[in-house]
Amino acid sequence: MTTPESFFGDGGCTCRAVRYRMTRAPMFVHCCHCRWCQRETGASFALNALIETSRVVLLSGEPEIVVTPSNSGKGQRVARCPTCRIAVWSNYGGGADVLRFVRVGTLDDPDRAPPDIHIFTASKQPWVVLPPGARAVDAYYKSSEVWPKESLERKSALGL
């Protein structure tokens, strides 16, 4: 039997050339409605599971790293399958190489990682209706005020 400490889920790109395993549950899951994420994904939002880079194990393939700008000005490095071009995760400038933003839609079972918070809702598409009771903020937030204690401890262990 697996536990959150040893296994969370596998995922990968559409053509299955790049496969990965998350060996622990994410620290937190963002549903980002900013215009940058809308442009990057070609969709209404991006759904990212934040997890320690060391907890994402590459099972097969080698993603190509594509450097793109970001609203923060620090940029991001998007890991894409070199064959089908699907983005499987990003590393943002503020999180350096120790924090990975795994694209939830690339998990084999994305239902296991619903959003903990909706961010940048001031720029969400007006026809996107958030569920009643969903945690949502107009822009960003302070993790110290929102994240669970265990997740804050994990983040602190990364030096962030």
Report task. Quick one: in the stretch 79-103, of everything that is part of a strand (DSSP E or B) and farther than 17 Å from C31 by Cα, which residue is farthest from the chain's Cα centre (by Cα)? Result -> R80
Query raised in the report: Inside the stretch 141-159, can you point out the residues that are assigned to a loop (DSSP other than H, G, I, E, B) and surrounded by 14 or more Cβ atoms within 10 Å (Cβ to Cβ)?
Result: Y141, W147, L158
Requested in this report: Tell me which of these N48 doesn't satisfy, since it passes every other one: (1) buried (at least 21 other Cβ atoms within 10 Å of the Cβ); (2) in contact with a His (Cβ under 8 Å, 6 or more places away or on another chain); (3) over 14 Å from P26 (Cα atoms).
Outcome: (3)
Query raised in the report: Has the stretch 79-87 got any residue that is at pLDDT 95 or above and within 28 Å of L130 (Cα to Cα)?
Result: yes
**Report entry** Condition met for Q125 (of a type in the set (S, T, N, Q) and without any contact (Cβ under 8 Å) to a residue 60 or more places away in the chain)
**Finding:** no
Query raised in the report: Out of the stretch 85-127, which residues are charged (D, E, K, R) and either under 14 Å from R19 (Cα atoms) or open to solvent by 60 Å² or more (accessible area, probe 1.4 Å) (or both)?
Result: R85, D97, R103, D108, D109, D111, R112, D116
Query raised in the report: For the stretch 30-39, does any single residue satisfy the condition of being part of a loop (DSSP other than H, G, I, E, B), over 13 Å from the mean Cα position of the chain (by Cα) and surrounded by fewer than 19 Cβ atoms within 10 Å (Cβ to Cβ)?
Result: no
Report task. For R55, indicate whether it is open to solvent by 20 Å² or more (accessible area, probe 1.4 Å) and over 12 Å from the mean Cα position of the chain (by Cα). Result -> yes
Query raised in the report: Has the stretch 59-70 got any residue that is in a loop (DSSP other than H, G, I, E, B), surrounded by 14 or more Cβ atoms within 10 Å (Cβ to Cβ) and hydroxyl-bearing (S, T, Y)?
Result: yes
Report summary line: Restricting attention to the stretch 32-71, the residues that are without any contact (Cβ under 8 Å) to a residue 40 or more places away in the chain, of a type in the set (A, V, I, L, M, F, W, C) and farther than 17 Å from N91 by Cβ number exactly 1
Query raised in the report: Could you list, in sequence order, the residues of the stretch 40-58 that are under 19 Å from A96 (Cα atoms) and either in a strand (DSSP E or B) or among the aliphatic types (A, V, I, L, M) (or both)?
Result: N48, A49, L50, I51, E52, V56, V57, L58
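The values are calculated or read from the model by the stated rules, or taken from the named source; none is laboratory data. Please read all numbers here as calculations on a predicted model, not as lab measurements. With ideal geometry, Cβ positions are generated from the backbone for all residues, glycine too; neighbour counts draw on all protein chains shown. Keep in mind that these areas ignore ligands, DNA and RNA; they rest on the heavy atoms of the full protein, side chains included. Shrake-Rupley method; radii C 1.70, N 1.55, O 1.52, S 1.80 Å.
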